[in-house]
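A.B. asks: One structure follows; several queries about it will come next.
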Amino acid sequence: MQENVEMRRKDSNLLSFFSGTLLTTSIVTILALILPYEDPKNKVLDWQEIMFTMPVFRFVFMLIIGLGLISVDVYILRKYRVNYMFIFGLDPHYKVTHI
């Protein structure tokens, strides 16, 4: 007799993540196929319209660059065995939980 075996949380998270990315990719692909074709000869790329949208994305770009630079910093400090926990004043016993 078979029993219902619950899926591990890690497996369900991976399944949810990849299902979401597959769904998003499928929707973008379908939209790209449905949208009408524009003749490149008549299309003029207006750089001012692109520059008007840059303040919207500036905050996100700053977050991405900040996280990237922090990861490079931690990598270098770990490589040379510098006690970055002491330098940044972090509590080594602090654990992040869901509560």
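The values are calculated or read from the model by the stated rules, or taken from the named source; none is laboratory data. Predicted model only: the values in this text are computed from it and were never measured. FYI the Cβ positions are ideal-geometry reconstructions off the backbone, even for glycines, and counts take in every protein chain you see.
A.B. asks: Tally up the residues in segment 73-97 that are surrounded by 10 or more Cβ atoms within 10 Å (Cβ to Cβ), among the hydrophobic types (A, V, I, L, M, F, W, C) and assigned to a helix (DSSP H, G or I), please.
C.D. replies: The number of residues fulfilling the criteria is 4.
A.B. asks: Can you name the condition, by its number, that residue 30 falls short on among (1) modelled with pLDDT of 75 or more; (2) part of a loop (DSSP other than H, G, I, E, B); (3) not small (Gly, Ala, Ser)?
C.D. replies: Against the list (1) modelled with pLDDT of 75 or more; (2) part of a loop (DSSP other than H, G, I, E, B); (3) not small (Gly, Ala, Ser), residue 30 comes up short only on (2).
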